């Protein structure tokens with residue numbers, strides 16, 4: 001089984017992904033960390049020295065490689081992975097795609113507590129407006145490819161979210177298998 005977590009930055013993809021992988025006894029991969037290892041640069045440095053276009057190309061290449069891998073896994077995707085049409089197709093065809101749907105006000109709260117300089121797309125003076133813009137731009141794309149939509153509950157901790165997602169994924173797979181001839 002291959003599961004990909006999608007959602008905006010700050011939605012909990014990495015933390016919940018690790019918990020989900022542990023629960024399912026699957027390897028966990030973070031697409032951004034794989035890109036950093038492959039390029040030898042942090043995401044922030046990659047954006048600064050090579051630009052977003054080069055980053056998106058590396059992101060696509062890494063995602064394509066993982067898509068065609070036979071290794072079961074839980075994959076945490078970058079928030080912008082869905083911007084590329086080919087990436088959306090790869091994700092939808094080769095993974096059970098779980099959208100971590102977190103309200104904008106909660107994302108804003110979470111990201112206000114982090115070092116935004118590590119998030120190149122938020123390293124701007126009006127980062128809240130930039131986040132709202134990304135939220136509006138990406139929400140329809142997440143909705144388009146998600147097999148499972150996990151709506152964050154205000155009191156859910158990552159381990160609890162992972163257990164709920166596990167059940168939702170199992171229900172999705174069961175329903176999909178039941179519909180096969």
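The values are calculated or read from the model by the stated rules, or taken from the named source; none is laboratory data. Small disclaimer: the values here were computed from a predicted structure and weren't measured. So basically every Cβ, Gly included, is an ideal-geometry build from the backbone, and we count neighbours across all protein chains shown.
Set side by side, the residues 114, 139 differ, and just one is closer than 24 Å to residue 162 by Cβ, surrounded by fewer than 21 Cβ atoms within 10 Å (Cβ to Cβ) and modelled with pLDDT under 90, which is 114.
If residue 41 satisfies all but one of (1) in contact with a helix residue (DSSP H, G or I) (Cβ under 8 Å, 6 or more places away or on another chain); (2) touching a residue at least 12 places away in the same chain (Cβ under 8 Å), what's the number of the condition it fails? Among (1) in contact with a helix residue (DSSP H, G or I) (Cβ under 8 Å, 6 or more places away or on another chain); (2) touching a residue at least 12 places away in the same chain (Cβ under 8 Å), residue 41 violates only (2).
Taken over segment 60-91, the residue count meeting the criterion of being within 13 Å of the chain's Cα centre (by Cα), at pLDDT 95 or above and surrounded by fewer than 21 Cβ atoms within 10 Å (Cβ to Cβ) is 2.
Could you go through segment 142-152 and let me know if any residue there is exposed (fewer than 15 other Cβ atoms within 10 Å of the Cβ), more than 20 Å from residue 22 (Cβ to Cβ) and more than 19 Å from the chain's Cα centre (by Cα). So far as segment 142-152 goes, no, none of its residues is exposed (fewer than 15 other Cβ atoms within 10 Å of the Cβ), more than 20 Å from residue 22 (Cβ to Cβ) and more than 19 Å from the chain's Cα centre (by Cα). For beta carbons closer than 8 Å, sequence separation of 6+ or different chains, a first residue in segment 127-145 that is over 16 Å from residue 89 (Cα atoms) and a second that is at pLDDT below 95 and surrounded by fewer than 15 Cβ atoms within 10 Å (Cβ to Cβ), the qualifying pairs are 130/124.
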